[in-house]
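Let me begin by presenting the structure, written as structure tokens, before commenting on it.
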């Protein structure tokens, strides 16, 4: 081990409102040694995801919260540097939930070998990772996508949104993305082939949806909640499906979440709003990755990562998500 | 014609907030004469429904609003007193959308003959009418009811709610009703066989739901919206279904509808919220009526109407719905 120590971000307090550096303890621990059946992994890239904000809160959710004093939970990609596990050898590239730290110990559960020749490691945290899986099963299964649908996705330039829109395009749909800022909107239409993009920072979203979805919205894939969800509800087509994937606009609230005031549009339009958690589809990740990798090879599915350097920047880099400053999958390079 | 004139309530203004008498013109018109292919009906019972409040508002909904100056729309049951229509004879009992008036002209469209020997006329406005159809298709189709479900219904002592709960009991479910006041709650448990009833006027609904639904709520059938919908959202079981049938707590709002702040429970619990409009099932009303009439004969499905006398009381009687003063189907007897 050339590295003398293992830098770790541990949760120090449950954040109130926006996350800040003082919510964590940044500590140096000795590099751990793998026990029987364990591997030691050198993290190379950390996945920064909106869901991390929820993991910091007390209370029942789809997974337990990160405990106070525990290393902050994060998906990561890295290399095996020591192994007492029959399935993993030194030099293997792996992804798993490995935490915001330089080194992680794993018993192999939830640890997946990946091929860095097929795609760069950060892609396994994005389009070929949880965000990509979320997009794939969210739009195809939960959204019950049909080829003549008009699809709207919010957070469209984010890790999940960019994939949702491209899959819908591949399937023949009309796709409208909602994102913040002219650069992101240009990226959606010019690079990813979206039919239209709405800049929620400078446009009236409801009016723009009306203009770009003349037949109404058949599938609305929601990553943001708040006012944008409410605007989408006013423009539903009959039998519309709303996929509730996240609500990034609400995660740092210190007051109650803003419920969708226009939810009675579900009644008028016989529409469905359904929540999803990607872990439910774990048994089918392989199938999805194979199809997505195929689309990537054919040039139909593009992927973009927003890579920030330096483990020590973790708290500030995480905030980029909530400020809407990332385009594509936000990744922290551990160095 | 012994009646010298046709009393009518015409919409005079679009109500702001709670409906009041001055929102209508109460007029006397000559009794109309049926033209070719038309029938004249003497209305006997008018159906008073929460949906009527929505019909008075401007703007797009699932049916056009009642126009200013138009006779207020209402379902009704009555007798044919003159006919130039081959399908209807004088003396036939019929139900249809016949308006808040003594007499109505119909071309036969949407007019259905009913058998007053099988059930009293008011039952055709309730359990064997639109509310019963709403309950039947709402709980069985939209709610995807399964026999071991825990079912919660709000507005449980109302026209729709009482039928929803009883159908769920017939199907073997655990059924919890939410209603306002001890009398209604006693009616639900003692008369209709609900497993439990929650008095939202005197109990903490969230706590009571937790107590009465130890495995969580599998199907929540919502007639009321507002705080009660939000309480139900906190107690969902995995893969729960929420049927959005109405939101009577919000219909007279002068401010925005209260959206469900806890809607992210849909995500955590992979749950579904779906809106319904009963008209979509029109082709299958016959099938539902046959099954419901069978349950009524067997004593498994009880029905209760709250009958108020006097067409002239229409505006005040309608308010009983929004004040939660009716138990069972609210019907206005035309006399």
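Readers should treat all values here as calculations from the given coordinates under stated rules, not as data from a laboratory. Since the model is a prediction, treat every value here as computed from it, not as a measurement. Virtual Cβ from ideal backbone geometry, glycine too; neighbours counted across all protein chains shown.
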With Cα atoms, 0 to 90° folded angle of helix B:159-170 axis to chain B main axis | 50 degrees
Taking the Cα centre of each part, how many Å lie between region B:204-276 and region A:234-275?
-> 13 Å
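Counting other beta carbons within 10 Å of each Cβ, put B:145, A:128 in order, fewest first.
The fewest-first ordering by Cβ neighbours comes to B:145, A:128.
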Mind grabbing the base-10 log of I(q)/I(0) for region B:11-146 at q = 0.20 Å⁻¹? Debye formula, identical points on the C-alpha positions, no solvent, two decimal places.
-> -1.22
Which one of B:271, B:247, B:256 has the biggest mean-square fluctuation once chain B is modelled by GNM with Cα springs under 10 Å?
-> B:256
Nearest-ten-degree value, helix B:285-297 long axis tilted from longest Cα axis of chain B | 70 degrees
Which residues in region B:298-321 have a backbone N closer than 14 Å to a point placed 7 Å from the Cα of residue B:190 along the Cα-to-Cβ line?
-> none
Geometric extent, Cα atoms of the protein assembly as shown - Rg, Dmax (angstrom) = 29.4, 105
Pick from A:275, A:226, A:324: which residue has the top mean-square fluctuation in a GNM of chain A where Cα pairs under 10 Å get a spring?
-> A:275
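To one decimal place, what orientation-averaged projected area in nm² is obtained for the convex hull of the Cα set of region A:179-245?
Mean shadow area of the hull around the Cα atoms is 4.4 nm².
Work out the FRET efficiency for residue A:79 and residue A:16 from their Cβ-Cβ distance, taking R0 = 35 Å, and round it to the nearest 0.05. Present the calculation step by step, with values, prior to reporting the outcome.
Numbers: r = 37 Å, r/R0 = 1.06.
The formula returns an efficiency of 0.40 here.
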GNM, chain A, Cα, under 10 Å: largest mean-square fluctuation among A:240, A:179, A:82?
-> A:82
Sum of -39500 (n - 2.57) over DSSP H runs of 4+, divided by residues of chain B (222 nm, nearest 500) | -6000 deg cm²/dmol
Among B:46, A:209, which comes first, then next, by fewest other beta-carbon atoms within 10 Å?
-> A:209, B:46
Label-zone membership for region A:1-42, site residue A:113, 7 angstrom Cα→C-beta point, backbone N under 16 Å = A:38-41
For all pairs of alpha-carbon atoms in region A:130-279, what percent lies in each bin of width 5 Å, listed from the first bin to the last filled one?
-> 2, 11, 22, 25, 22, 13, 4, 1, 0
Where a ≥ b ≥ c are root eigenvalues of the Cα gyration tensor, a/c under 1.5 meaning rounded, otherwise prolate if a/b exceeds b/c and oblate otherwise, region A:246-333 counts as oblate
For the axis carrying chain A to chain B: nearest C-beta residue of A, whole Å = A:259, 2
Give the order of B:296, A:238 when sorted by the count of other beta carbons within 10 angstrom, beginning with the fewest.
-> A:238, B:296
Could you list, bin by bin from short to long, the percent of Cα-Cα pairs of chain A in 10 Å steps?
-> 6, 26, 33, 23, 10, 2, 0
Could you state the per residue volume, in Å³, of the convex hull enclosing the Cα atoms of region B:280-330?
-> 129 Å³
